[in-house]
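Following: one structure in structure tokens, then a few remarks.
All of the numbers you see were taken from the coordinates with simple rules; none came from a lab. Since the structure is predicted, the reported quantities are computational estimates derived from the model, not experimental observations. Here the Cβ positions follow ideal geometry from the backbone for every residue, glycine too, while neighbour counts run over all protein chains shown.
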Amino acid sequence: MLIKARAAIPYSMSIIDLTTTKKPDLALRLKLLAKIGEHKPYNCFQCIRCTSGCPSMKMLELKPHEIVSLASLGFIEELIASGTVWACATCLKCKERCPQAVAPVDLIFALRNLAVEKEAKVPESFLRSLSAILETGFVQKPQDTVTRKMEKVNREKLDLPKFHEPDEKFKAAFFKVLELFQE
Amino acid sequence: MKVAVYWGCLIPTVQYGYEMSVRAVMPQLGLELVELNNVSCCGTPIKSVNMFAALYLAVRNLAIAEKTGLDDLLLPCNGCYLSLSEAKHLLSQDGKLKERINNILKEENLQYEGSIKIWHTINLLHDLAGEERMREVVKHPLNGLKLAVHYGCHILRPSTFQPIDDSENPKKMDELVEWLGAKSIPYPEKLDCCGYMLLLSHPDAALTFTGLKLKAVQDWGADALVVSCPSCQMMFDMRQKSSGATTGAKLNLPVLYYTQLLGLAMDISTERLGLNLNRSPIDELLQKVGLISTATSP
């Protein structure tokens, strides 16, 4: 099956390099496919509409079509280790424009999830958001801020109603959700 | 008419100008906001870490909104709108997933049905309030202003999730601006991303996204950039100076929320609209619409 996939895809230089030096991980490939619902990467015919509209392509050389191709072939470890998946700005243009309903952005989210599960290098701030939600229900508590004239203000001074965090029951249930996902 | 409101994380913890202006303009349009109790983050910030946990948070907030018995829910934040519209879409397609999440929600006496209709500020004002009502509330027409609108990615795409407007050629925010007497200028960078979601991993690239778009809007001769998303505002307004430094551009462009602009047209005071919290040069815009005289500005 994999040989067929290789033959069908007009792969770029970097994939040729990988296919001659690495072995695809089929178990990890299946695990990835299970995370992304209907948007299967093997439906991609490399029209490159995703990459041509990608704002991160201009700035960070993110190539969604390559990610789709590598994932389809099973080079998951390599994708995670490369760190390219963290260059996506999630503008969703690739998902909107793909004629094959592949949704490269969903694949990128799934690969980021796998990077976290496999304890690969992950930008730390993403993990901080999760611990903040576990602690307070939100990514942050209400912050003090300043006006353009540098007067210090907060919600109370601005006559905004009191901000409420969710109760303890929320935290218990959310903790359970995180455990369920680990299984 | 009563509408439930879910503020998310960024609006009630740092983007006070959006919350204040939404609270100030909605009653004048006959829309009464109903607060939700016990809600949490929408899930978007942790989607990269754990997609299932993110989905659970989105569904939980929808279930809390449904408990009010109201038909409509306002999500002023684009990130929340994407997260909750995605949750609605996924659970309408997958009964098993819905059952699985409802089983966890039971512990908090919650249940998700999928009955509540979700709105973003822009389509709520455009479709629910409507042109006639919107034109009626304008007391101070913003004639002569040339404005650029920025929709923000997450209320437009993907078209499978019930976006607020056409994904590739949106018109609603432009029309909303024109109903206030101002002109919405066409510009090729309209759908360009603000860069916010890259801030955690590639801050320089994120600021480059911001700086390039601001420079383009400024060069097209816009008097201000109008936004409707707290993340976009945090880039175009709060980080305007640093994005100018990153891209080597001299930026001096007022950036404000559509609801702040609407409030100005309704003759609501700048303090009540939180306009003194914007970092960009708002006073220049206020002078142009004759709301402050040149002599009193700093």
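Using a 10 Å cut-off on Cβ to Cβ distances, tally the other chain neighbours for every residue of B:120-128 and report the average as a whole number.
Counting other chains' Cβ atoms within 10 Å and averaging over B:120-128 gives 0.
Is the shape of segment A:124-182 best called rounded, prolate or oblate, per the rule: a/c under 1.5 gives rounded, else a/b larger than b/c gives prolate, else oblate, with a ≥ b ≥ c the square roots of the Cα gyration tensor eigenvalues?
In terms of gyration-tensor shape, oblate.
Taking the Cβ of residue B:80 as the centre, find all other residues whose Cβ is under 14 Å away and add up their charges (Lys, Arg: +1; Asp, Glu: -1).
Charge balance in the 14 Å sphere: +1.
Per DSSP H run of n ≥ 4, the term is -39500 (n - 2.57); total these for the protein assembly as shown, divide by its residue number, and report the mean residue ellipticity at 222 nm rounded to 500 deg cm²/dmol.
-13000 deg cm²/dmol
Taking K and R as +1 and D and E as -1, what net charge do the other residues with C-beta under 15 Å from the C-beta of residue B:134 add up to?
-3
Along its principal axes, what span do the Cα atoms of segment B:2-119 show, with the longest given first and each in whole Å?
So the three principal-axis extents are 43, 30, 24 Å.
What is the packing order of peptides B:164-173, A:20-29, taking the mean over residues of other C-beta atoms within 10 Å and listing the highest first?
My ranking of the peptides, most packed first, is B:164-173, A:20-29.
Just report the Cα centroid separation between segment A:164-180 and segment B:40-78, whole Å.
If you average the Cα positions of each part, the centres end up 14 Å apart.
Ignore the peptide's own chain and count Cβ atoms of other chains within 10 Å of each Cβ in A:128-139; give me the average, rounded.
Per residue, the number of nearby Cβ atoms from other chains is 6 on average.
Counting only pairs 8 or more residues apart or on different chains, how many lysine pairs in segment B:120-255 have their Cα atoms under 23 Å apart?
28
Suppose each label sits 7 Å from its Cα in the direction of the beta carbon; what would the residue A:118-residue B:272 distance come out to in nanometres?
Inter-label distance under the simple model: 5.7 nm.
Please average, across the residues of B:1-13, the number of beta carbons from any other chain that are within 10 Å of each residue's own beta carbon, and give a whole number.
Shielding by partners across B:1-13 averages 3.
If we sort B:150-163, A:148-161, A:37-50, B:99-112 on the protection proxy, mean other Cβ atoms within 10 Å, highest first, what's the order?
B:150-163, A:37-50, B:99-112, A:148-161
Taking a point 7 angstrom from the Cα of residue B:89 along the C-beta vector, which residues in segment B:133-171 have backbone N less than 15 Å away?
Once the point is set 7 Å along Cα→Cβ of residue B:89, B:153-168 turn out to lie under 15 Å by backbone N, inside segment B:133-171.
Pop the C-beta distance of residue B:100 and residue A:26 into the FRET formula with R0 = 41 Å and round what comes out to the nearest 0.05.
Taking R0 as 41 Å, the efficiency between residue B:100 and residue A:26 is 0.95.
Testing the spin-label approximation: label points 7 Å from Cα along Cα→Cβ at residue A:131 and residue A:147. State their distance in nm.
Taking the two extended label points, one gets 3.7 nm.
Kindly rank A:104-110, B:67-73, B:203-209 from highest to lowest mean number of other beta carbons found within 10 Å of each residue.
The packing order, highest mean first, is A:104-110, B:203-209, B:67-73.
If r is the Cβ-Cβ distance from residue A:35 to residue B:291 and R0 is 45 Å, what FRET efficiency results, to the nearest 0.05?
Approximately 0.30, to the nearest 0.05.
Calculate the dipole size of segment B:99-207 relative to its Cα centre from +1 charges on Lys and Arg beta carbons and -1 charges on Asp and Glu beta carbons; express the result in debye to the nearest 20.
240
What are the residues whose amide H is under 5 Å from the amide H of residue A:89, where those residues sit 5 or more places off or on another chain and H is modelled from the backbone?
A:56
Determine the sum of side-chain charges near residue B:94: Lys and Arg each +1, Asp and Glu each -1, restricted to other residues whose C-beta is under 13 angstrom from that of residue B:94.
Here the charged neighbours net out to +1.
Could you give the dipole magnitude of chain B about its Cα centre, charging the beta-carbon of Lys and Arg +1 and that of Asp and Glu -1, in debye to the nearest 20?
My answer is approximately 460 debye.
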